[in-house]
Amino acid sequence: MDEKFKKPYDPAATEPRIYAAWEKSGYFNPDNLPGERSETYTIMMPPPNATGVLHMGHALGLTIEDILIRYNRMRGKATLWLPGTDHAAIATQSKVEKDIQKTEKKNRHDLGRNELLRRIGAFVEESRATIQGQVRVMGASCDWSREAFTLDTARNHAVNELFKRMYTAGLIYRGHRIVNWDPKGQTTISDDEIVYEERKEKFYYLKYGPFTIGTARPETKFGDKYVVMHPKDPRYAAYTDGQKIDLEWINGPITATVIKDEAVDMEFGTGVMTITPWHDVTDFEIAERHNLDKEQIIDERGKLLPVAGEFAGMKITEAREKIIEKLRTKGLVEKEEDYAHNVATAERTGGLVEPQIKLQWFIGVNRPFKIDHSEIPRIEIGSTVTLKEMMRAAVAGGGVRIVPDHFDKTYFHWIDNLRDWCISRQIWYGHRVPVWYRGEEIAVGDAPIGEGWVQDEDTLDTWFSSGAWTFSTLGWPDITGDLRRFHPTNVLETGYDILFFWIARMILMSGFALGQVPFRNVYLHGIVRDAQGRKFSKSLGNGIDPIDVAQKYGADAARMSLIVGNTPGTDFRLSEDKIKGYKHFANKLWNIARFILENTEGVKQTALTEADQVLKDEVSLLAKEVTRDMEEYRMYMAAEKIYHYTWHRLADVLIEESKPILTGTDEAVKTSRQTVLRMLLLEVLKLLHPFMPFITEEIWQSVQTDKELLIVASWPVK
RNA sequence: GGGCGAUUAGCUCAGCUGGUUAGAGCGUUCGCCUCACACGCGAAAGGUCACAGGUUCGAAUCCUGUAUCGCCCACCA
């Protein structure tokens, strides 16, 4: 027996050595795996943002993915787990800009586009190296030879090609539409990048000619010259659509036009409203329907424009009180109420989001296109569909299964309310919009030949490239061997909070580009919280760093503590005590191995006694149950069952009852018991390997000195 | 306003398609350095499964309603 078993298990000394042995073996790469492997199993790693370090959420994701990969590798599949990092456009640029502002007191315009991009590039390189190291620490058996970055050359080529094809198909268009404008970040943002904050504000009832209108935003009302009511509202039946009314307003007399539209809620306020199409989505849509004028009131910095007269140049917040003051003196304020409502703020910058009409690039989710190839259920080859229909069908038809399944309701709800997706951003870091202009001419895709072409200044929403992740990583647009072999992928594993941001967009992109779903299964994990149920945050200082923990207790212990008791789609509490508990378990396993090795050295396999055969059958039954749990994504249950068997059956009962047998005189019974104990140990090592890969591999190499690495051993159940 | 989820031992949570005395980990109490392991061993206490109805031979498990908590979505001017 190896001397190392005489000391407690030391993960810090073991884990890096084992990981190096795996990397050297080449088995992370499906092309190097031994034996015939016709069936593939693929997971694309959700690329962590290249902004910083891994947190517990990443550690959880990596653990689940690695468990699935290791299990399927042992089951004889050609497993590909492709790692990468995300350039995370807005997040990364704002982080680097903040750092530069802090240390050098310079903003992006002081540096210029090229210098800022150079700085971000350097920052990202460093971050990526850190992240790669941390992914290794967790034991992730991913194929580093295929590693990708969402903003590298190959991915840029894919993004440009995808943009071009969607443009040609009429799905990407440029237009003046209302978008979410972040005055602080000076860029458009998507609906999903908005965080709503409840604010207590005043709600004003203002006299507007013969009407009373309600508003929380008097500062937008300068240009309001349309007064809208529901066509069926009996209170306003006397007024007709298009009727002109002269009235006194903030800065003098105006002529208002009556508009009848069903978007007005008769129950709310007075049932009458004026509209500000430039700065409100509903108003914009009403204006579009009735072909009304639209006028900008607030500029890109959040200040009032000349239309505001004496208030021009003021910030909206300071203008509001003054405008109300003026309306009061004119006798136009009927009453005020306190009112709590949700204010849109930008997730990254905290800026107050102001809807604006801007010339931007969009993906039209309701535009029909002809789908030349489709493997998506309910979508016929050659049929005319919209992206929205396609996205719905992918899940409704069972092409994509979501675990836990109740999340499909949330998915449908989101799909059904989806609007056109604004994909252009006014930031510098990211894939630049692949469009060139020369006078009235426009070129899309690769840079055109010839003089005088100017490329679009904007970059693409980071989710545009993320959406292509499952196939841009496999060489698309070239139809490579990898693409044919590994796409659609098997599982996409990520947090439920990212269902819409990312999952839906991957389904969109993959459906359009390949006529395939991007993955057959989605496994959603919950948010990792602290022992009190709070989210980890820097300000609370309650974070548990996965790398610290892995160093202190071992990655195996960290992995087990993240898996046991953790059901999909549900938030999960983690404490350091729990991790410690699984460190103890690792040591228990270590001592089980020691005992069995000490007592079975040099034993030749013999026929088993009837009693020992029962023990062998018992562990086979466990293996079957564990396999069933694995197939149903119940990793939490599989892990607990193996844990329980190992400690409370193998150690507490079987080893104890073996002691007298092993010191006894009946040689046949003794060798049978020695044989079966070795078998049980090997079985446990295999079953446990996906969960605790390091210690199981380490022990395996002391038991099976002549055999292959445990990482490619075959799973006990076929 | 709409939707989703949760409510089981002191704490954190399992309990898959309803079936014998409801489970685990941690914690607690008591006794043990027993030649695999004190990162351990042996024992013990602890639950009217949120509440009220219903279906059933039988419900923590299915149905209806109520309460409390949490999350997501939404253009209510």
* Hey, what number do you get for chain A at 222 nm if only DSSP H runs of n ≥ 4 count, each worth -39500 (n - 2.57), divided across all residues, to the nearest 500? -> -12500 deg cm²/dmol
* Asked: Placing +1 at every Lys and Arg Cβ and -1 at every Asp and Glu Cβ, with all other atoms neutral, what dipole size does chain A have around its Cα centre, in debye to the nearest 20?
  -> 560
* **Sparse-neighbourhood loop sites, chymotrypsin sites (Phe, Trp or Tyr not before Pro) in the range A:422-525 - DSSP loop, at most 16 other Cβ within 10 angstrom** => A:Trp453
* Structure fact -> Expected field for A:Cys422, accessible surface area in Å² at 1.4 Å probe radius, rounded to 10, holds 10
* How much length is gained if the chain between A:Glu300 and A:Arg165 is pulled fully straight, taking 0.36 nm per residue apart and subtracting their Cα-Cα distance, in nm to one decimal? -> 45.4 nm
* Could you name the lysines in cross-link range of A:Lys105, using Cα to Cα under 16 Å and dropping any fewer than eight places away on the same chain? -> A:Lys95
* **Label-to-label distance, nm, for residues given as A:Lys707 and A:Ser145 (7 Å Cα→Cβ offset)** => 2.6
* Normalized C-alpha radius of gyration of the range A:136-265, against 2.2 N^0.38 Å? -> 1.80
* To one decimal place, what orientation-averaged projected area in nm² is obtained for the convex hull of the Cα set of the range A:12-162? -> 11.4
* Multiply the residue separation of A:Val454 and A:Ile527 by 0.36 nm, subtract the distance between their alpha-carbon atoms, and state the gained length in nm to one decimal. => 21.8 nm
* Asked: Which value in Å does the Kirkwood hydrodynamic radius of the range A:385-501 take, with 1/r averaged over all unlike C-alpha pairs and then inverted?
  -> 17.2
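Expressed in nm to one decimal, what extension gain is obtained for the pair A:Met1 and A:Glu248 from 0.36 nm per residue of sequence separation less their Cα-Cα distance?
Numbers: separation 247, 0.36 × 247 = 88.92 nm, distance 9.71 nm.
In short, 79.2 nm is gained.
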* Taking amide hydrogens as modeled 1.01 Å from N in the peptide plane, which residues meet the under 5 Å criterion relative to A:Arg573, leaving out close sequence neighbours? -> A:Arg529
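Taking every DSSP beta bridge that has both residues in chain A, what percent is antiparallel when rounded to the nearest 5? The partial results should precede the final answer.
Details: 58 of 82 bridges.
Among the beta bridges of chain A, antiparallel pairing accounts for roughly 70 percent.
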* Asked: Say a paramagnetic label sat at a point 7 Å from the Cα of A:Ala607, along Cα to Cβ; which residues of the range A:632-673 have their backbone N under 16 Å from it?
  -> A:667-673
* To the nearest 0.05, what FRET efficiency results for A:Lys202 and A:Ser620 with a Förster distance of 51 Å applied to their C-beta separation? -> 0.10
* For chain A, what % of the accessible area comes from carbon and sulfur atoms, probe 1.4 Å? -> 49
* **For the range A:175-230 and the range A:8-85, distance of Cα centres in Å** => 50
* Normalised by the number of residues in the range A:353-434, what is the relative contact order in percent for Cα pairs under 8 Å and 6+ residues apart? -> 33
* Asked: Amide H of A:Glu493: which non-local residues (sequence gap of 5 or more, or other chain) have their own amide H closer than 5 Å, using H built in the peptide plane?
  -> A:Tyr523
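Can you list which of the trypsin sites (Lys or Arg not before Pro) found in the range A:580-669 are DSSP loop residues with at most 11 other C-beta atoms within 10 Å?
On the way: sites: A:Lys580, A:Lys583, A:Lys588, A:Arg594, A:Lys604, A:Lys616, A:Lys624, A:Arg628, A:Arg634, A:Lys641, A:Arg649; in loops: A:Lys604, A:Arg634.
Counting only loop positions with at most 11 other Cβ atoms within 10 Å, the trypsin sites (Lys or Arg not before Pro) in the range A:580-669 are A:Lys604.
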* Set the Förster distance to 41 Å, then compute FRET efficiency between A:Arg432 and A:Glu337 from the Cβ-Cβ distance, nearest 0.05. => 0.30
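Sorted by accessible area (1.4 Å probe), largest first, how do A:His290, A:His431 line up?
Details: A:His290 55, A:His431 5 Å².
Sorted descending by solvent-accessible area, the residues read A:His290, A:His431.
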* Zero-based 10 Å bins, Cα pair distances in chain A, whole percents -> 3, 12, 20, 20, 17, 12, 8, 5, 2, 1, 0, 0
* Structure fact -> Between the alpha carbon centres of the range A:387-403 and the range A:539-586 the gap in Å comes to 34
* D (Stokes-Einstein, µm²/s), Kirkwood Cα radius, the range A:271-311, 0.890 mPa s at 25 °C -> 220
* Structure fact -> Long-range amide H partners of A:Tyr208, meaning residues 5 or more apart or on another chain whose placed amide H is closer than 5 Å, are A:Ile213
* Hey, what did the range A:464-570 get for relative contact order, percent, Cα under 8 Å, at least 6 apart? -> 25
* **Solvent-accessible area per residue for the range A:412-518 (1.4 angstrom probe, square angstrom)** => 34
* Structure fact -> Among GluC sites (Glu not before Pro) in the range A:610-677, those in a DSSP loop whose Cβ has at most 14 other Cβ atoms within 10 Å are A:Glu632
* Please list the radius of gyration and Dmax for the range A:561-645, considering alpha-carbon atoms only, with Å as the unit. => 16.6, 49
* **Accessible area per residue in Å² at 1.4 Å probe, computed on the range A:639-705** => 34
* Structure fact -> Projected area averaged over all directions for the convex hull of the alpha carbon atoms of the range A:210-310, nm², comes out at 6.4
* What order do A:Asp556, A:Asp416 take when sorted by accessible area (1.4 Å probe), most exposed first? -> A:Asp416, A:Asp556
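The values are calculated or read from the model by the stated rules, or taken from the named source; none is laboratory data. None of the values given here were measured: they were computed from a predicted structure. Note that each Cβ is placed from the backbone with ideal geometry, even for glycine, and that neighbours are counted across all protein chains shown. Quick note on the areas: whole protein, heavy atoms, side chains included, nothing else; ligands and nucleic acids left out. Shrake-Rupley method; radii C 1.70, N 1.55, O 1.52, S 1.80 Å.
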